[in-house]
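Here is the structure we will look at, set down as C-alpha cells.
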Amino acid sequence: MHAEPKGVLTGVHFLDGDHACCEGTLAAGARFAAGYPITPSTEVVERFAWRIPTVGGVFIQMEDELAASIAIQGAVWGGAKAFTVTSGPGFSLMMEHVGYAAMTETPCVFVNVQRGGPSTGLPTLPAQADMMQARWGSHGDYGIIALCPNSPQECFDLTVTGFNLSEEFRVPVMLMLDECIGHMTEKVVIPEADKIEITPRRLTKLAPKEFRLFQPQGDMVPDMVKAGDGYRFHVTGLTHDERGYPSMNVETQDRTVRRLQEKLKPLANGRALCETENLEDAEVVVVSYGITSRVAQRALQLARAQGVKAGKFRIISAWPFPEQRLRELAGRVKAFVVPELNLGQMVHEVKAAVAGQAKVIPVTHAGGSVHKPEAILQAIVEAAR
Amino acid sequence: MNDVLIDKSTLEVPVEIPPEAVNPVEPFLRMDRMPHIWCPGCGIGTTVNCFTRALIGSGKNLDKVAVVSGIGCTGRVAGYAQLDSFHTTHGRAIPFATGLKLSNPELDVVVYSGDGDLFAIGGNHFIHAARRNMDLKVICVNNLTYAMTGGQTAPTTPGKVISATSPYGVFEPAFNLVALAEAAGAAYVARWTTYHVKQLSRSMEEVLNKKGFCFIEVLSPCPTLYQRRNKMGEGLDAMKYYKQASKVRNGARTSECDLSRDGEIVVGKFVDRDRPDYYDLLQAQMRETLGDRYATPEVSCCEAGE
C-alpha cells in the first residue's frame, strides 16, 4: 500500500536530519509518539508535536524514557504505528522495553541520535558508541534491526524503511543517527504519497476462535491483532507458547528465542542494505556508516588520487550485521579499514565476518568530533602496502 | 504421591455440585489456564471475582475492555482475564495503558497490579497519570509486601513488620496510597479490603462507568509470606482482622487514612470528583489554538478485516 497523503509533506525541503526523520515517521503512518526531552534528539518529537495535531494523531511527553518506550507499545497494540526518540542516557533507560518489544514481537521504532558517552558524556557532540547497545542492550537473546542514515535525505527515507521493516518482521527497529546527521541541514526531497511504499500491519484474517497470537507464518513471523476487535488475546513478556500463554519450560524457551533471532536472517544475507563503490578492483575496503561514512568518502577520494585501490562499503542496515556481503568480499581483498566514532564496536563484526581472510584495521575515535580524513587515509595507505 | 502425607478427608467435596451448575464468573476467565498460581488464603482471586461481578454489572462490551498488569502476584491477573490483556514490565503497566488508551480511546482500560509494582518501581508513572487525569481505572491489590519474590519490604509495608529484607523490623514510613492518589489528582479514590466484597464490586462497577483516573486500593492477605513471617495466622485470620478493624468512612480525609500493622483500617469511597480528562483537555486545547486546522486523532493504522 501507499502512504496516506495527510502525513506526507511532498516537496523539496531544506531540513536537518532530526526534522527529516520526523517527516519520515509521518509518511510511514506513525500517528502516535511518546518522548522525553534529551539532546540532541528532541527536535524529532518537537516537530512531531507541532505537526501531528493537523495530521490527526497524538504526541505525549511522558515522565521519563521508561514510560515513553512502553507507551508506544501500548499504542501499537491499540492499533497505532508508533515511535519514540532519544539519545544515549535515555537509550539506556529504554533497554527494558527494547526487550519487551522483541519478546512480544511488537513492531515499533526507536530513534537514537547518538552523542558521546558513557553516562551524560557529551550531550551536544557526536559519537557512534551505542551500536553494540542497540544490538545487545537488553538482557537475553533476541534480534533487532538497526539502520544508519548518513544524510537528512536518508533520515527521511530510512525512517520509512524502518517502519516498514518493523511491521514485516515484528521487531523493534532502531534508527541510529548521530549528532552530526541529526543536526546537519541539507536538501530533502519528499515524494508524493503514492510513490511511498508502506508495509501495512500484518493483521490476521482468521476469526478469534482459530487465531493464535504467536503462531509463526511461513516467514517465521506471526500475524497480529489489535485490542478491541474481539480476539481477547494475551500478551506477556514471559516466555510464552503460540497462544501467548506463559510456558516456562526449556522447549518453549528454545523454540521462541531461536525464532526471535532467526526470523531476521534475510536481513543479514540477501536483503542487507549497503552502499558500495569501486569494489571491483579494490585491495582495501573502507567499512563505515553514519557520519563517518562521509568522512571516509573524502579519504577514499584521496587514496584513489594516490593510486591506492580503495573501495567503499557503507553499512546501512547495521543489525542484523550484513555478514554475507562482507564474507564474499573478504577472499579477494587485502584489508578492511573500519573507522567509527567509538573505540571499536562494529569492527568486531567485520572481523567475525572476514574470519581471518584479510586484515581488519580499526580507526577509532572517542567521539566529540568526526575523524580527520587524513587519519582514515593513512590507515588505507598502510593497509595497501 | 506419598499417601502417608495426605489427609484424604481434606480432598472430599463436601457438597455435591450438580452437573448443570454454572460458575457465573467462568466466562470472564481463561479457564484453560486454571489452576491459577495464587496461594491458599491469598486475596487476589477474591478481587478478580469482584471484578468479574463488576464487569457483569457495568454492562460493558467486554470486547472493548482491556486489562493491563505489571509484574508480581497481582501482575498475573491479566493472564487470567478473558479479555484483551497485557502482562507488561515491572512498574510500567500505567504508561503502557496510557499508550493503549490514547491510540484506541473507545477501550476501557483497567490497570490491575500490586502495591510494589505500582508504587515503588512504578510510582512516578502513577502520579503522572493521576496528574494528567488519564482515563484509566487503576486497581491496586495491596498485600503490603513483595509477595512473588518472597516477601520483601514494599513502600506500603507498615512499621515494625518483619520482612525478608527487614529481618529486624521495618522502620521506613510507608506510603498512604489513597492520600497519594488524591494529592496527585485522581478523580476517584476508594479503599476496601477483600472482606468487603460487595462494596469492592460496587466500587469497581462505579469506576468502569466513570471518566478519568480512578484508583481503588484493596487490602488483601498474603498468608504465605507477610502473615507467616509476622505470626499473623492464616487467610481466615486476615479476614477476621479486616472485619474487626475496618471502619467504613465514606468521604474521610485521605490524609487520616494511614495504615499500620494491626490498627484501624479506614475504608470507603474518599474522593469522587469531576475533572476533565487528558484526552478532553488535549482536544479542547488544540481546537482553541488551531480551530478548523485541528484534525481529530485517528491513531490506529488498521481496522480488523481490512
Practice task
Count, for each residue of A:47-60, the Cβ atoms from other chains sitting within 10 Å of its Cβ, then give me the mean as a whole number.
Solution key: 4
Exercise for the section: First check a/c for segment B:24-134, with a ≥ b ≥ c the square roots of the eigenvalues of its C-alpha gyration tensor; if it is under 1.5, answer rounded, and if not, answer prolate when a/b is larger than b/c or oblate otherwise. Expected result: oblate
Problem - Total formal charge among the other residues, if their Cβ is under 11 angstrom from that of A:Ala146, Lys/Arg +1 and Asp/Glu -1 - result: 0
Handout entry: Using alpha-carbon coordinates, inclination of helix A:250-262 to the longest axis of chain A, degrees
Key = 50
Handout entry: Spatially proximal lysines relative to A:Lys195 (Cα-Cα < 20 Å; intrachain offsets below 8 disregarded)
Key = A:Lys6, A:Lys81, A:Lys187
Exercise for the section: Kindly point out, ordered by number, any Cys in chain A whose beta-carbon has no other cysteine beta-carbon under 4.7 Å away. Expected result: A:Cys22, A:Cys108, A:Cys148, A:Cys180, A:Cys274
Practice task
Calculate, in nm to one decimal, what A:Met132 and A:Gln253 gain on full extension: separation in residues at 0.36 nm each, minus their alpha carbon distance.
Solution key: 41.2 nm
Problem - Segments B:154-167, A:325-338 sorted - mean Cβ within 10 Å per residue, highest first - result: A:325-338, B:154-167
Exercise for the section: Can you give me the P(r) profile for segment B:130-230? Cα pairs, bins 5 angstrom wide beginning at 0, each as a whole percent. Expected result: 3, 14, 21, 19, 17, 14, 9, 4, 0
Practice task
Could you work out, residue by residue across A:28-37, how many beta carbons of other chains sit within 10 Å of that residue's beta carbon, and then give the average as an integer?
Solution key: 2
Problem - For segment B:111-250: relative contact order, % (alpha-carbon pairs under 8 angstrom, 6 or more apart) - result: 26
Problem - For segment A:5-195, radius of gyration divided by Kirkwood radius, i.e. Rg to Rh on alpha-carbons - result: 0.93
Fill in the blank from the handout: The long-range amide H neighbours of B:His196, using H built 1.01 Å from N in the peptide plane and a cut-off of under 5 Å, are none
Completion exercise
Within chain B, the percent of DSSP beta bridges that are antiparallel, given to the nearest 5, stands at 20
Completion exercise
Rounded to two decimals, the Rg over Rh value of chain B from Cα coordinates and the Kirkwood Rh reads 1.00
Exercise for the section: Please turn the phi angles of segment A:183-188 into ³J(HN,Hα) values with the Karplus equation 6.51 cos²θ - 1.76 cosθ + 1.60 (θ = phi - 60°), one per residue in order, whole Hz, x for glycine and proline. Expected result: 9, 7, 9, 8, 5, 10
Handout entry: Amide proton proximity set for A:Gly79, modelled H, under 5 Å, gap of 5+
Key = A:Ala227
Practice task
Provide the percentage of antiparallel DSSP beta bridges, counting only those with both residues in chain A; round to the nearest 5.
Solution key: 35
Exercise for the section: Just need the relative contact order of chain A here, percent rounded to a whole number, with Cα pairs under 8 Å and 6+ apart. Expected result: 17
Practice task
Bin all alpha-carbon pair distances of segment A:274-384 at 5 Å intervals from 0 and give each bin's fraction as a whole percent.
Solution key: 2, 14, 27, 28, 20, 8, 1, 0
Exercise for the section: Give me the distance between the Cα centres of segment B:127-204 and segment B:50-78, rounded to whole Å. Expected result: 18
Exercise for the section: Could you please report the charge total around A:Val381, scoring K, R as +1 and D, E as -1 over all other residues with beta-carbon less than 13 angstrom from its beta-carbon? Expected result: +1
Problem - Inter-chain Cβ neighbour average for residues B:70-79, partner chain, 10 Å - result: 2
Problem - Where Cα atoms sit under 21 Å apart: lysine pairs in chain B separated by 8 or more or lying on different chains - result: 29
Practice task
Please give the helix B:123-132 orientation as an angle from the longest Cα principal axis of chain B, in degrees from 0 to 90, rounded to the nearest 10.
Solution key: 40
Handout entry: Förster-model FRET efficiency, 45 Å R0, B:Gln283 and B:Ser255, C-beta, rounded to 0.05
Key = 0.85
Fill in the blank from the handout: Interchain or sequence-distant (5+) residues whose placed amide H lies within less than 5 Å of the amide H of B:Ser246 are B:Ile265
Exercise for the section: Springs between alpha-carbon atoms under 10 Å, Gaussian network over chain A: tell me which of A:Ile60, A:Ile70, A:Ile145 tops the mean-square fluctuations. Expected result: A:Ile60
Completion exercise
FRET efficiency for B:Lys211 and A:Asn269 from the Cβ-Cβ distance with R0 = 60 Å, rounded to 0.05, comes out at 0.70
Exercise for the section: Run the quick spin-label model on B:Tyr294 and B:Arg228: label points 7 Å from Cα toward the beta carbon, then report their separation in nm to one decimal. Expected result: 5.6
Exercise for the section: Only bridges with both residues in the protein assembly as shown count here: give the DSSP antiparallel percent, nearest 5. Expected result: 25
Exercise for the section: Can you tell me the 0 to 90 degree angle between the C-alpha axis of helix B:235-245 and the longest principal axis of chain B, rounded to 10? Expected result: 70
Practice task
Run the quick spin-label model on A:Asn278 and A:Leu9: label points 7 Å from Cα toward the beta carbon, then report their separation in nm to one decimal.
Solution key: 3.6
Fill in the blank from the handout: Looking only at aspartates and glutamates whose Cα falls under 14 Å of A:Lys205's and that sit 8 or more positions away or on another chain, we get A:Asp223, A:Asp229, B:Glu303, B:Glu306
Problem - Projected-area mean, segment B:209-263, by convex hull of Cα positions, square nanometres - result: 5.3
Exercise for the section: Normalising by the residue count of chain B, find the relative contact order in percent from Cα pairs under 8 Å and 6+ residues apart. Expected result: 17
Problem - Under Karplus coefficients 6.51, -1.76 and 1.60, residue-wise ³J(HN,Hα) of segment B:72-82 in Hz, glycine/proline x - result: x, 4, 5, x, 7, 4, 3, x, 9, 7, 7
Handout entry: Tail weight of P(r) past 36 Å, computed on alpha-carbon pairs of chain A, percent
Key = 23
Problem - Rough spin-label spacing in nm, given labels placed 7 Å along Cα→Cβ, for A:Thr54 and B:Asp237 - result: 6.8
Completion exercise
Mean-square fluctuation maximum in Gaussian network of chain B, Cα pairs under 10 Å, restricted to B:Asp115, B:Asp135, B:Asp32, hits B:Asp32
Exercise for the section: Label segment A:6-94 by shape, choosing from rounded, prolate and oblate, from the square roots a ≥ b ≥ c of the eigenvalues of the Cα gyration tensor; if a/c is under 1.5 it is rounded, and otherwise prolate applies when a/b is larger than b/c, oblate when it is not. Expected result: oblate
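Values quoted throughout were computed directly from the atomic coordinates according to the rules given, and no laboratory measurement underlies them. Predicted, not measured: the structure shown is a model, and the values here were computed from it. Cβ coordinates were reconstructed from backbone atoms using ideal geometry, including for glycine residues, and neighbour counts include every protein chain displayed.
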